[in-house]
Amino acid sequence: MDGVIQTSASFWIIIFGYFALVLGFGSFFARYNKTTQDFFFSGRRFSWWLITMSIVATGVGSHSFLKYSAKAYEHGFSSTMTYMNDWFFMPLFLFGWLPIIYYTKVRSIPDYFERRFNPGVRVLATIAILGYMIGYIAIGFLTMGKTLEPVLGIDLYTIIFIVAIISGIYITFGGQTAVIFTDLLQGFILIFAGILVFILGVNYVGGFSVFWNVLSPEFKLPLAHFNQPANFNFVGIFWQDGVAGSVGFLFMNQGLIMRFMACKSVHEGRKAAAFNVLILLPICTIVVSNAGWVGKAISIVTPEAWNAATQLDHVFTQVAYLITGSEIVFAFVIAAVAAALMSTVDTLINAVAAVVINDIYRPIVKDKDDKHYLKVAMIVSAGATAVGALSTIFFNNFPTLYEAHGFFHSTMTPPLVVAIFLGIFWKRYSTPAAVATFLGGAILMWIGSKYPQIFISPFDHGIEFNPDRPYSYIRALYNTLVCAGSGVIVGLLTTSPTEKKIEGLTVWSLDKAREFFKGSAPNDRPGEKVTVKWTLKDETEDNVRFSISDMETMGADVGDMVYLADERKWLGGLKSIHSFYGEPHRDDGVVYITQSHAESGLFDKKRKMIAEKEL
Amino acid sequence: MLDFSRTWIPYIYLYGVGGGIFLIGMFIILRSRSLKPEIVRHKEWYQILIFGFLYYMGIHGFFTFIAIGETLFATLIGLIMLAMAVKLISTLLQKPKGVR
């Protein structure tokens, strides 16, 4: 331990006050959970801006201020690499995976595997994805423990235990809507807190020109040295994070997938993802790394102020303590970071519950009412919290969080990533090929980890062999290649699945997926949104009725899908429903809805609605 | 003085290999007709996807030039990126045309 930071009672009042505020904010929205569909997916109703901001807290929280501040302190601006290499896979995500999962209404990623292959492959995918998410939860808990360790000065595992209890209680009762809204608030606060640290830090060292000039040109390069040192090099991180990590986060992070499925449409999901990667990630990379750069500048400009014994994972907390100059501001920064980490963990716990309920429990215990599954989902959330907390023991063996996360990505993601990719994009990819990817890939990965100098070194790009942690990052390339090789070879040697079996499940048949989603042929006739008053109708059929003229404006026909939302756009779709167009009437500017629609959308009688055709 | 291999080799590798992945992705979504450029909204997405690739190339180029003290090139790239970013935001926020 590198010294305990002294704090007073006011520090803890702010920390607990902040947590109470954020948790209360999320819990307020938990009342929108009426079914397991709401608990997990929030009823597919939100606008892109709300989802994209809530993704910030999930992404930033998970990749964390601690991890990047440590690498930023050691290696400079190249700590930003991991946030800045996600665009390569965006075509495949935006126009491949996102519409497939949205239109096929899969409840989880393993659910997709059953539809695309068979129940056996679903089991393999479930095991892989649970391992991935539990690992992620563990790293989240470990990060929280390390954030608070220099402040509390108590045992790391005691802190993790306390944080796990708080997280477990919150997610168990909150569900996805609560998580989305908590994350929305935290997204803004995190960016603010990170920028505040940067401004205060630069001011602390004497202004931007001093900050800039004391750092060496190599420190300021945005990409690391090509292949050295072994614990932080460009090519290893490209394959570990730019490929395995980015694809893992975008394509197989059930928590993130559930966010996109909470969007009101595929188009909104695309906007959320694009805005996140193009605008927010470059900002966030500065937000999470700058404490390390500032720490380095402080250690040069005022070495007497810098504690040379600071552990790398404690750089963020040390810098925040030094530069804030006020216990209140320091408490706010620590609270914001710790609460954001909790958001990340909560998202993943919710995702684990979704996978366990939909992929394991529901197929075994059938025909129960929704309340039963909701109750079991809450119990599973609590269990996932406990397992995640216990798993921190393994990840604490790594020198830094960054290396723990890197090893985790390199090892856990390749089989699932390859299976998802080949499943979506290669029609020939058959069930035996998918099994070969998981099992054959796992065996070859294990052999590679046992004999890295024989199997991984041909791909090492000149990276030095470290016998203690051989090829931490570049092993991702070997692992991806052996999983892909196993799948491709078996795919070429076995009979390809019929077109009928994989209809709507690959990028080659997305029109069919849209048709399945709607239940009839999509209507792509252009139309406008309309603003209407609403009134209740006596009928109980799940449709809403507009005037002939309004339907013409929207370009809609009877049986098309419609999205209705409260006119207040800042609600981001919180008060909204999806339904179908019923037979038209003659009252222009009025929509007839059922009592059930009004209750589900929590519509306000005095407010108008905005209606738009979906499909 | 930083040599070429330290400064630009990672950049070339990133946009060479990453660019290959990006191009394969574009090829697949166009070939499969998942992205249909004749639909107005899809055409916008096509532009955004290309923009995103150039935008990140620009960011990394900008910071590399800044780090090695080539401020003229960095400023030029910065201005181009700023103009591209303004265009992107206006594209994303404009009123949707049609469905999908």
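The table for this structure:
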quantity	calculated
Any hit, the stretch A:427-439, residues being away from chain B (no Cβ under 14 Å), on the phi < 0 side of the Ramachandran plot, of a type in the set (Phe, Trp, Tyr) and free of Cβ contacts under 8 Å to residues at least 24 places away in the same chain	no
Residue within the stretch B:88-97 that is without any contact (Cβ under 8 Å) to a residue 24 or more places away in the chain, on the phi > 0 side of the Ramachandran plot, facing chain A (nearest Cβ under 9 Å) and among the charged types (D, E, K, R) present	no
Which numbered condition B:Phe27 misses (of (1) buried (at least 16 other Cβ atoms within 10 Å of the Cβ); (2) part of a helix (DSSP H, G or I); (3) not hydroxyl-bearing (Ser, Thr, Tyr))	(1)
Among the candidates A:Phe232, A:Phe275, residue that is farther than 30 Å from A:Gly462 by Cα and touching a residue at least 60 places away in the same chain (Cβ under 8 Å)	A:Phe275
Among the candidates B:Ile12, B:Ile21, residue that is within 18 Å of B:Tyr56 (Cα to Cα), more than 8 Å from chain A (Cβ to nearest Cβ) and hydrophobic (A, V, I, L, M, F, W, C)	B:Ile12
Residue that is nearest to the other protein chains (Cβ to nearest Cβ) [pool: residues in the stretch B:56-67 that are within 19 Å of B:Tyr13 (Cα to Cα) and out of contact with any Phe, Trp or Tyr (no Cβ under 8 Å at 6 or more places or on another chain)]	B:Ile59
Candidates B:Arg6, B:Arg33, filtered to the one that is part of a loop (DSSP other than H, G, I, E, B) and either touching a helix residue (DSSP H, G or I) at 6+ places or on another chain (Cβ under 9 Å) or more than 8 Å from every other protein chain (Cβ to nearest Cβ) (or both)	B:Arg33
B:Ile48 within 7 Å of chain A (Cβ to nearest Cβ) and closer than 30 Å to A:Gly555 by Cα	yes
Residue that is farthest from A:Met90 (Cα to Cα), among those in the stretch B:47-72 that are in contact (Cβ under 8 Å) with a residue 12 or more places away in the chain and of a type in the set (Phe, Trp, Tyr)	B:Phe65
Residue under evaluation A:Lys375, criteria (1) at pLDDT 85 or above; (2) part of a helix (DSSP H, G or I), criterion not met	(1)
In the stretch B:68-87, the residues that are in a helix (DSSP H, G or I) and either aliphatic (A, V, I, L, M) or within 10 Å of chain A (Cβ to nearest Cβ) (or both)	B:Leu72, B:Ala74, B:Leu76, B:Ile77, B:Leu79, B:Ile80, B:Met81, B:Leu82, B:Ala83, B:Met84, B:Ala85, B:Val86
Matching residues in the stretch A:564-604 - criterion: being without any contact (Cβ under 8 Å) to a residue 12 or more places away in the chain and touching a strand residue (DSSP E or B) at 6+ places or on another chain (Cβ under 9 Å)	A:Leu571
Any hit, the stretch A:515-522, residues being surrounded by 14 or more Cβ atoms within 10 Å (Cβ to Cβ), acidic (Asp, Glu), touching a Pro at 6+ places or on another chain (Cβ under 9 Å) and more than 16 Å from A:Gly601 (Cα to Cα)	yes
Residue check, A:Leu564 loosely packed, with under 14 Cβ neighbours inside 10 Å and hydrophobic (A, V, I, L, M, F, W, C)	no
Any hit, the stretch A:300-314, residues being assigned to a helix (DSSP H, G or I), out of contact with any His (no Cβ under 7 Å at 6 or more places or on another chain) and more than 29 Å from A:Tyr136 (Cα to Cα)	yes
Positions within the stretch A:221-255 being assigned to a helix (DSSP H, G or I) and in contact with a Leu (Cβ under 6 Å, 6 or more places away or on another chain), in sequence order	A:Phe234, A:Trp239, A:Gly255
Index of the failed condition, A:Leu571 passing every other in (1) of a type outside the set (Gly, Ala, Ser); (2) farther than 30 Å from A:Ile424 by Cα; (3) modelled with pLDDT of 90 or more	(3)
Check on A:Ala336, away from every other protein chain (no Cβ under 14 Å) and touching a residue at least 12 places away in the same chain (Cβ under 8 Å)	yes
Meets criteria (farther than 17 Å from A:Asp86 by Cβ and assigned to a helix (DSSP H, G or I)) for B:Val17	no
Scan of the stretch A:138-166 for residues that are among the hydroxyl-bearing types (Ser, Thr, Tyr) and in contact (Cβ under 8 Å) with a residue 12 or more places away in the chain, ordered by number	A:Thr143, A:Thr147, A:Tyr157
Candidate set: the stretch B:10-24, residues that are in contact with a helix residue (DSSP H, G or I) (Cβ under 8 Å, 6 or more places away or on another chain) and not hydroxyl-bearing (Ser, Thr, Tyr); chosen: the one surrounded by the most Cβ atoms within 10 Å (Cβ to Cβ)	B:Pro10
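Rundown of residues vs (1) hydrophobic (A, V, I, L, M, F, W, C); (2) modelled with pLDDT under 80; (3) not in a helix (DSSP H, G or I), yes/no style:
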| site | (1), (2), (3) |
| --- | --- |
| A:Ile13 | yes, no, no |
| A:Gly17 | no, no, no |
| A:Ser27 | no, yes, no |
| A:Ala30 | yes, yes, no |
| A:Ile55 | yes, no, no |
| A:Gly59 | no, yes, no |
| A:Glu74 | no, no, no |
| A:Phe77 | yes, no, no |
| A:Met90 | yes, no, no |
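Listed here are the residues, each with its yes/no results for (1) of a type in the set (S, T, N, Q); (2) part of a helix (DSSP H, G or I).
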| position | (1), (2) |
| --- | --- |
| A:Val532 | no, no |
| A:Thr553 | yes, yes |
| A:Trp570 | no, yes |
| A:Leu574 | no, no |
| A:Ile577 | no, no |
| A:Phe580 | no, no |
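The values are calculated or read from the model by the stated rules, or taken from the named source; none is laboratory data. Just so you know, these numbers come straight off a predicted model, no measurement behind them. Every residue, glycine among them, receives a Cβ derived from its backbone with ideal geometry; neighbour counts consider all protein chains shown.
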